[in-house]
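Participant: Mind looking over this structure? Questions follow.
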Amino acid sequence: MKKIIVLTLVAMLSVLCCFEAAAKKKAQKNIAEVTFVTTIDCKNCVKKVEANLPFTEGIKDMKVTLADKTVWIKYDTRKTDVKKLEAAIEKLGYDAKIVTPAPSAKK
């Protein structure tokens, strides 16, 4: 009886692991990256973007680099797109130009 319970638990854990792996793979399909060149020109500009841009829906990760005047963004394509991200940067008072193309632009 104990062997049946143990085997059942092992089987259930295996199935759960497969579902988890499939969910992660599906989630990765909806993640894209884009880099913008901006008009940020000081540390305060960087702080302003870093403090406010993460509130934009769909942003998963981001990095602002003053030396290159760039904003790199990893985002969920189901929740936002490049135009909305560009608008969010411009709403903060900075011009934004795409450096790396969006996934849809590559096709």
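The values are calculated or read from the model by the stated rules, or taken from the named source; none is laboratory data. Keep in mind the model is a prediction, meaning the values are calculated, not measured. Protein only, heavy atoms only, side chains kept; ligands, DNA and RNA dropped before computing areas. Shrake-Rupley method; radii C 1.70, N 1.55, O 1.52, S 1.80 Å.
Participant: Hey, among the residues in the range 66-85 that are among the basic types (K, R) and under 11 Å from the mean Cα position of the chain (by Cα), which one's most open to solvent (accessible area, probe 1.4 Å)?
Facilitator: Among those residues, the one meeting the criterion is R78.
Participant: Considering only residues that are open to solvent by 30 Å² or more (accessible area, probe 1.4 Å) and β-branched (V, I, T), look in the range 31-58 and name the one that is nearest to V99 (Cα to Cα).
Facilitator: Among residues in the range 31-58 that are open to solvent by 30 Å² or more (accessible area, probe 1.4 Å) and β-branched (V, I, T), the one nearest to V99 (Cα to Cα) is V37.
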